[in-house]
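Scroll down for the structure; my scribbles are underneath it.
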C-alpha cells in the first residue's frame, strides 16, 4: 500500500523519494545537501564508525541537514503513519509538507492513503502537528494545525 516509505524535501520544496535510507541518499548525493564527501567521512571518523552505519555519525549528519532546512519523512508501519522531522515550523515548511502530501495522495494506488497519519516533529522529537494525509494535502492552510 505504501509506494515510497521515505522522502527528503529540500528547503525549496523539491521532493526526493528515498530508495534505501536517508543517510545513503545523503552519502550518494552530498552536493545536493551542500555537503562534501570529506565532511561526511570526517564525521564518521570522529565517531569511529564505518561509513553508512546507522549510529551517532548518521544522527549528526542528518541533524545538520535538517538544520539547513531539509525535511526528513519516513513511514512508521507500526503506527500506520508518516513522521516528518524538521528544524523550523514556518509557512514555507507547512507549504512543503502540504505539497508532499498532495503528491503522495495523487500517486498512490490505494484509497486508504488518505487516512494515513502524519506527525510533524522537531529535532528534539517534540510534536508540532498531527493529522491525516488527506487533511494536510487539502486543508492545511484552512484548519487549526493542532499545535501541541
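The values are calculated or read from the model by the stated rules, or taken from the named source; none is laboratory data. Only a predicted model underlies this, so the values are computations on that prediction, with no experimental measurement involved. When we count neighbours, we look across all protein chains shown, and the Cβ atoms used for this are built from the backbone with ideal geometry, even at glycine.
Would you confirm whether or not segment 75-82 contains a residue that is more than 23 Å from residue 127 (Cβ to Cβ), surrounded by 15 or more Cβ atoms within 10 Å (Cβ to Cβ) and in contact with a helix residue (DSSP H, G or I) (Cβ under 8 Å, 6 or more places away or on another chain)? No, the conditions are met nowhere in segment 75-82. Among the residues of segment 53-63, those that are surrounded by fewer than 17 Cβ atoms within 10 Å (Cβ to Cβ) and either closer than 16 Å to residue 36 by Cα or in contact with a strand residue (DSSP E or B) (Cβ under 9 Å, 6 or more places away or on another chain) (or both) comprise 60, 63. With a requirement of 3 or more residues that are over 15 Å from residue 8 (Cα atoms) and modelled with pLDDT under 95, the helices (runs of 4 or more DSSP H) lying completely within segment 29-129 that satisfy it span 91-107. A search for C-beta distances below 7 Å between a residue of segment 21-37 that is surrounded by fewer than 15 Cβ atoms within 10 Å (Cβ to Cβ) and any residue that is part of a helix (DSSP H, G or I) and modelled with pLDDT of 95 or more, counting only pairs 6+ apart in sequence or on different chains, returns 36/30; 37/30.
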